[in-house]
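Enquirer: Quick one: structure below, then a few questions.
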Amino acid sequence: MIRRALLALAVAAGLAAPGTAQEQCRLALLLGLDVSASVDAGEYAQQIEGLAAALIDPNVVEAALSGNGPVALSIYEWSGRFQQDILVDWTLIRSEEDLTTVAERVLRATRRTEDFPTALGYALGFAASHFADAPPCLFQTLDLSGDGQNNDGFPPEAAYAHFPLAGVTVNGLAIGGASREIELYYRDQVIQGPGAFVEFARNHDEFAEAMRRKLERELRVVILGQLDAD
């Protein structure tokens, strides 16, 4: 009887294991939007509308929901040293409806600051503290978009030296410039981690499509990483 009971428990545990693994958050994805003085009202609207559109794009939805376990998503705006505002706090994405809800919240956002410089180091430092409040996930990725180089406070290099970002992959979405100088700056100074990359938009008109490509790539990289690990 005891042996049979133990066998039943073992079988039950084996059946329950996949469900537990399925609930394990696979990725904490934090999106940072540049709202510094270089971003005018029209460009801000393009960022907000472009992000909302990207979140509900069928390819992004499919990538977000195809992995083992949900994604935790949060969004914040950044500009000066102490100007970081959370638009969407950590939200587990388990369905298309969850992404739609996040997109609707983004569209209702009201810009809180507009006359501050570009403090990329502080934006990274804020991300480090916000990741500390994220649900426990297998991976952490920061998706940082901007149209200028750091011009206030400490640089990205100092942020990486002093904040707990070693395990965070940081990708960039660089906006603007025919010379692609901002893209090169993000490649050299901002991104970090295995497989980190920079997506480029020539201007804010291209922001929505660049964000869509970026989100899909970030979500699918994690899926491939899980498959490799399995």
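Enquirer: Looking for whichever is of a type in the set (Gly, Ala, Ser), within 21 Å of Leu219 (Cβ to Cβ) and surrounded by fewer than 18 Cβ atoms within 10 Å (Cβ to Cβ) here; the options are Gly177, Gly195. Which one fits?
Expert: Being of a type in the set (Gly, Ala, Ser), within 21 Å of Leu219 (Cβ to Cβ) and surrounded by fewer than 18 Cβ atoms within 10 Å (Cβ to Cβ) holds for just one of Gly177, Gly195, which is Gly195.
Enquirer: Is at least one residue of region 89-96 small (Gly, Ala, Ser) and under 17 Å from Ala210 (Cα atoms)?
Expert: The answer is no, given that none of the residues of region 89-96 is small (Gly, Ala, Ser) and under 17 Å from Ala210 (Cα atoms).
Enquirer: Also, quick follow-up: Report those helices (runs of 4 or more DSSP H) wholly inside region 1-66 carrying at least 2 residues which are open to solvent by less than 50 Å² (accessible area, probe 1.4 Å), at pLDDT 95 or above and not charged (D, E, K, R).
Expert: 41-55, 58-65
Enquirer: Just to be sure, is Phe154 surrounded by fewer than 21 Cβ atoms within 10 Å (Cβ to Cβ), in contact with a helix residue (DSSP H, G or I) (Cβ under 9 Å, 6 or more places away or on another chain) and aromatic (Phe, Trp, Tyr)?
Expert: So Phe154 passes the test.
Enquirer: Considering only region 68-89, state which residues are open to solvent by 40 Å² or more (accessible area, probe 1.4 Å), within 14 Å of the chain's Cα centre (by Cα) and hydrophobic (A, V, I, L, M, F, W, C).
Expert: Hit for region 68-89 is Ile86, nothing else.
Enquirer: List the strands (runs of 3 or more DSSP E) that sit entirely inside region 131-205 and contain at least 2 residues that are among the small types (Gly, Ala, Ser) and either farther than 16 Å from Trp78 by Cα or out of contact with any Cys (no Cβ under 6 Å at 6 or more places or on another chain) (or both).
Expert: The qualifying strands (runs of 3 or more DSSP E) are 137-146, 168-175.
Enquirer: Going through Thr91, Thr101 one at a time, which residue ends up being out of contact with any Leu (no Cβ under 9 Å at 6 or more places or on another chain) and modelled with pLDDT of 95 or more?
Expert: Exactly one residue qualifies, and that residue is Thr101.
Enquirer: Failed condition for Gly69, given (1) in contact with a Cys (Cβ under 6 Å, 6 or more places away or on another chain); (2) within 21 Å of Leu173 (Cβ to Cβ), with all others met?
Expert: With (1) in contact with a Cys (Cβ under 6 Å, 6 or more places away or on another chain); (2) within 21 Å of Leu173 (Cβ to Cβ) applied to Gly69, the lone miss is (2).
Enquirer: Would you check if Leu92 is open to solvent by 10 Å² or more (accessible area, probe 1.4 Å) and assigned to a strand (DSSP E or B)?
Expert: So Leu92 fits the description; yes.
Enquirer: I'd like to check something: does region 214-224 contain any residue that is open to solvent by 40 Å² or more (accessible area, probe 1.4 Å) and closer than 16 Å to Ala28 by Cβ?
Expert: Within region 214-224 (the criterion being open to solvent by 40 Å² or more (accessible area, probe 1.4 Å) and closer than 16 Å to Ala28 by Cβ), the answer is yes, since at least one residue qualifies.
Enquirer: Select from region 139-151 the residues that are open to solvent by 30 Å² or more (accessible area, probe 1.4 Å), under 17 Å from Val168 (Cα atoms) and of a type outside the set (A, V, I, L, M, F, W, C) and list them in ascending order.
Expert: Gln140
Enquirer: So how many residues does region 115-130 have that are in contact with a Ser or Thr (Cβ under 9 Å, 6 or more places away or on another chain), of a type in the set (Gly, Ala, Ser) and either more than 16 Å from His162 (Cβ to Cβ) or assigned to a helix (DSSP H, G or I) (or both)?
Expert: Residues flagged as in contact with a Ser or Thr (Cβ under 9 Å, 6 or more places away or on another chain), of a type in the set (Gly, Ala, Ser) and either more than 16 Å from His162 (Cβ to Cβ) or assigned to a helix (DSSP H, G or I) (or both) within region 115-130 amount to 1.
Enquirer: Hey, can you tell me all the residues within region 120-132 that are surrounded by 14 or more Cβ atoms within 10 Å (Cβ to Cβ) and not aromatic (Phe, Trp, Tyr)?
Expert: Scanning region 120-132 gives Leu120, Gly121, Ala123, Leu124, Gly125, Ala127, Ala128, His130.
Enquirer: Of Pro136, Pro117, Pro164, which residue is open to solvent by 20 Å² or more (accessible area, probe 1.4 Å), over 16 Å from the mean Cα position of the chain (by Cα), under 22 Å from Arg26 (Cβ atoms) and of a type outside the set (Asp, Glu)?
Expert: Pro164
The values are calculated or read from the model by the stated rules, or taken from the named source; none is laboratory data. Source: prediction; values computed, not measured. Ideal geometry is used to build each Cβ from the backbone, glycine not excepted, and the neighbour counts take in all protein chains shown. To get the accessible areas, we keep the full protein, side chains included, count just its heavy atoms, and leave off ligands, DNA and RNA. Shrake-Rupley method; radii C 1.70, N 1.55, O 1.52, S 1.80 Å.
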